[in-house]
1. Report, ordered by the first and then the second residue, all pairs with beta carbons closer than 6 Å, sequence separation of six or more or different chains, a first member in segment 69-88 that is in contact (Cβ under 8 Å) with a residue 12 or more places away in the chain and within 12 Å of residue 43 (Cβ to Cβ), and a second member that is of a type in the set (Phe, Trp, Tyr) and surrounded by 15 or more Cβ atoms within 10 Å (Cβ to Cβ).
2. Residues in segment 14-32: is at least one modelled with pLDDT of 80 or more and not basic (Lys, Arg)?
3. With the requirement that a residue be of a type in the set (Val, Ile, Thr) and outside any strand (DSSP E or B), what does segment 36-55 give you?
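The values are calculated or read from the model by the stated rules, or taken from the named source; none is laboratory data. Treat the numbers as computed from the prediction; the structure is a model and nothing was measured. Glycine also receives a Cβ, built like all others from the backbone with ideal geometry; neighbour counts cover every protein chain displayed.
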Amino acid sequence: SKHCVNLDNRTANVAVKPFELDIGFQFELHVTVSGKKINVSEIPELPIPKDWMRDKLELSFYKTEQAAGGGEIENVTYNKGAGTAVITFLKAG
């Protein structure tokens, strides 16, 4: 559980400690698909920071090229007040 890490010509001793994650949330999304963008609506308002929701949306829609229906994400625009988001992929597909 103890490690020695070298950073910028300095050595830091660190220890790994367990921690609990917050309870997860499950929700339903409504999606409209185009060639490069996905419009997501009816995103419920959850008690998490806006950037966390953006990350969750990105992870939900990111898939490797081998998997059907996904790809590398270029941008996620999330509007918390409206409960909407636009996910833009790097490549149309």
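1. Matching pairs, first to second residue: 85/78; 87/61.
2. Yes, segment 14-32 has at least one match.
3. Result: 43, 48.
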